[in-house]
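The values are calculated or read from the model by the stated rules, or taken from the named source; none is laboratory data. This structure is a prediction, so every number in the text was calculated from the model and none was measured. For neighbour counting, all protein chains shown are included, and Cβ atoms are generated from backbone atoms with ideal geometry for every residue, glycine included. We work out accessible area using only protein heavy atoms, side chains counted, and drop any ligands, DNA or RNA first. Shrake-Rupley method; radii C 1.70, N 1.55, O 1.52, S 1.80 Å.
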Amino acid sequence: MRRKIIMVSALGLFALSFAGTASAAQPTAGSAPAGRSMAAQPGGVPSLGRTATPSVSDRAVIYCDGASCHGVDAAAARSSVDGYPCTADAFTPVGAELSTPRGHVELRYSPHCHSNWARVSGAAPGTRLWVQNWNNSVQEQFVTPGQHSAQTAMVNGRVSARAGLASSYTGWY
């Protein structure tokens with residue numbers, strides 16, 4: 001009988017096959033080792049509670065940290081250090097926001113991805129939003145027609161950054 005072992009790591013999904021025979025001491029497909037419960041994961045791969053099977057959408061995820069996050073959408077990225085989404089636990093530092101007649105701007109920071117991005121709400125379509133870090137890396141985004149909010153792609157957050165609309169901007173954080 002040919003057996004398949006599936007392992008999940010931060011680098012991807014790996015499958016190993018080997019020949020062997022089933023015995024009472026070896027679990028068969030669909031059974032759990034004593035003391036452990038198995039839950040079905042997407043794609044029918046059982047889990048022992050230690051790993052998760054990536055979904056089809058996870059295969060397109062970008063993993064980054066700091067400078068490697070430059071130009072990446074925070075909503076589509078995960079930390080290459082700990083695997084958390086860049087948006088998980090993201091926050092706006094105290095004072096790193098600005099309200100103008102053109103919209104409310106926030107400088108966002110991801111502690112998992114060590115990156116910054118800017119977001120705006122209450123803005124008119126066509127409003128230009130930008131984020132800049134101390135290394136002069138800049139990302140910008142325009143509010144699209146029919147929308148009143150937007151966010152930029154990320155810049156390296158291991159150095160100070162600021163966010164703004166036109167000539168109004170936050171301090172360096």
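Summary table
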item	result
Options L107, L165: the member that is in contact (Cβ under 8 Å) with a residue 40 or more places away in the chain and under 23 Å from D89 (Cα atoms)	L107
So L107, is it part of a strand (DSSP E or B), closer than 25 Å to G83 by Cα and in contact with a Ser or Thr (Cβ under 7 Å, 6 or more places away or on another chain)	yes
Every residue from the range 52-96 that is at pLDDT 95 or above, in a helix (DSSP H, G or I) and not hydrophobic (A, V, I, L, M, F, W, C)	G66, S68
All positions within the range 66-81 that are in contact (Cβ under 8 Å) with a residue 40 or more places away in the chain, over 16 Å from Q151 (Cβ atoms) and open to solvent by less than 30 Å² (accessible area, probe 1.4 Å)	G66
Criterion (in contact with a His (Cβ under 9 Å, 6 or more places away or on another chain), modelled with pLDDT of 95 or more and open to solvent by 20 Å² or more (accessible area, probe 1.4 Å)) met by exactly one of Q139, Q132, Q147	Q139
Single residue of the range 99-122 satisfying the filter (of a type in the set (S, T, Y) and over 16 Å from A67 (Cα atoms)) that is surrounded by the most Cβ atoms within 10 Å (Cβ to Cβ)	T100
Condition met for T127 (closer than 15 Å to G103 by Cβ, among the polar types (S, T, N, Q) and free of Cβ contacts under 8 Å to residues at least 24 places away in the same chain)	no
Y84 within 13 Å of the chain's Cα centre (by Cα), open to solvent by 50 Å² or more (accessible area, probe 1.4 Å) and touching a residue at least 40 places away in the same chain (Cβ under 8 Å)	no
Residues that are of a type in the set (S, T, Y), in contact with a Ser or Thr (Cβ under 8 Å, 6 or more places away or on another chain) and closer than 26 Å to G83 by Cα, drawn from the range 110-153	S110
